[in-house]
1. Output the pairs from Lys77/Lys106; Lys87/Lys194; Lys88/Lys194; Lys87/Lys221 with a Cα-Cα distance over 21 Å in this structure; if there are none, say none.
2. Please state, to two decimals, what the Cα-based radius of gyration of region 150-273 comes to when divided by 2.2 N^0.38 Å (N = residues).
3. Quick check: the angle from helix 242-254's long axis to the longest principal axis of the chain, C-alpha only, nearest 10 degrees?
4. In degrees between 0 and 90, to the nearest 10, how far off the longest principal axis of the chain does helix 313-322 point, with axes built from Cα atoms?
5. Tabulate in residue order the Karplus-calculated ³J(HN,Hα) for region 145-155, using 6.51 cos²θ - 1.76 cosθ + 1.60 with θ = phi - 60°, rounded to whole Hz; enter x for Gly and Pro.
6. Rounded to the nearest whole Å², what accessible area per residue is found for the chain with the 1.4 Å probe?
7. For Asp295 and Ile164, what is the calculated FRET efficiency with R₀ set at 41 Å and r taken between the beta-carbons, to the nearest 0.05?
8. Using Cα atoms only, what is the angle between the long axis of helix 3-21 and the major principal axis of the chain, expressed in degrees (0 to 90) to the nearest 10?
Amino acid sequence: MTAIAISVSAAIAAAAVARRRSPAHIQLVARRRLPFCTAASAAPAAAAAGFSWADALRVASDAGVGDESDLSGYFRKVDICNRGMDKKGEFVEFLVEDQVVGYIHKGFTEHLRDFRDVFTIVPSHNGNNTVEHVTLHSSLRTPEDRTIAIGDVIKGLGDLIPGIRNELYPVTSSYGMPVYFSLERAAAPYFGIKAYGVHMNGYIEKDGEKSLWIAKRSDVKQTYPGMLDHLVAGGLPYGISCKENVIKECEEEAGIPRSMSTNAASVGAVSYMDIDGFRYKRDVLFCYDLRLPVDFVPNNEDGEVDSFRLIPVSHAANIIRRTDFFKANCNLVIIDFIFRHG
């Protein structure tokens with residue numbers, strides 16, 4: 001991309017941002033939010049989970065409930081990650097080079113109209129003034145152009161997209177296909193982009209019984225603070241393979257050296273689709289199992305984990321069935337582990 005192209009793209013986006021910051025435009029956006037926005041569209045930082053390890057372990061070890069063969073608790077956790085399918089009609093296709101890369105809520109498209117040098121809102125031909133689909137302006141021809149322009153739009157949208165992480169996700173029509181552009185991770189659900197992550201079950205086996213290492217997220221994490229989590233998990237950013245991402249996350253999140261983490265085994269994938277307000281999450285989690293030495297003790301290196309506990313698999317199953325202590329998508333991966341391991 002030439003210096004001229006970069007400056008033109010930046011100037012276009014800057015002009016759109018300037019229009020959005022004018023007093024008249026701020027009033028217009030305020031009026032728009034009334035019919036379209038939901039609480040999920042501009043959610044504040046989440047409050048820390050209101051339970052302790054003592055609470056979780058008490059629930060886990062209670063053998064008197066008699067619900068061990070009741071699968072309804074598992075089904076409920078699957079349903080929690082697959083909400084809002086009756087709302088799919090409120091979204092329109094997001095096309096790039098004639099390929100569907102995502103889905104955008106019709107209400108959210110109203111916030112994109114001011115960026116007409118970046119987004120093209122294509123009306124339907126039925127005469128009722130509805131949106132048929134959204135695509136990118138024809139001047140944005142390269143992944144670099146698109147990434148820069150859309151990144152500036154995300155900044156211009158301000159608190160409509162909370163929790164900016166400055167972490168880019170590749171946007172493709174499906175896994176392994178060409179990358180059309182890269183998008184801020186926090187914005188992915190607002191554009192209905194399919195996002196990918198890696199989740200690893202770290203476990204030991206002793207005297208014929210398997211136990212899982214479980215993490216409790218830091219109370220100051222922006223998302224799901226204080227919730228129970230996998231030993232290792234993370235989004236799949238641009239330019240790194242699944243296995244290399246697992247190895248990287250192993251070291252950062254649990255202090256697992258490469259000599260151990262290279263033994264992590266790929267065991268499949270779990271996917272889900274969840275609609276909540278303007279957000280359409282289409283996530284695919286690549287799952288890994290890593291059998292660890294019985295004397296290994298994890299140590300968090302990046303400050304995102306408060307602490308770890310080693311819990312028998314049967315006790316982890318009790319927590320899943322009986323509580324909402326786990327981050328929702330972790331439930332799915334652990335349920336998969338439970339059934340695969342009998």
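The values are calculated or read from the model by the stated rules, or taken from the named source; none is laboratory data. The model shown is predicted, which means the values in this text are computed figures rather than measured ones. Cβ placement follows ideal geometry from the backbone for every residue including glycine, while neighbour counts extend to all protein chains displayed. For the accessible areas, the whole protein counts, side chains as well, though only heavy atoms, and no ligand, DNA or RNA atoms are used. Shrake-Rupley method; radii C 1.70, N 1.55, O 1.52, S 1.80 Å.
1. Lys77/Lys106; Lys87/Lys221
2. 1.20
3. Around 60 degrees separate the two axes.
4. Here the helix axis deviates by roughly 50 degrees.
5. My calculation for region 145-155 gives 4, 5, 4, 5, 5, 5, x, 5, 5, 4, 4 Hz in order.
6. Heavy-atom SASA per residue in the chain reads 47 Å².
7. Result of the calculation: an efficiency of 0.50.
8. Approximately 90 degrees, to the nearest ten.
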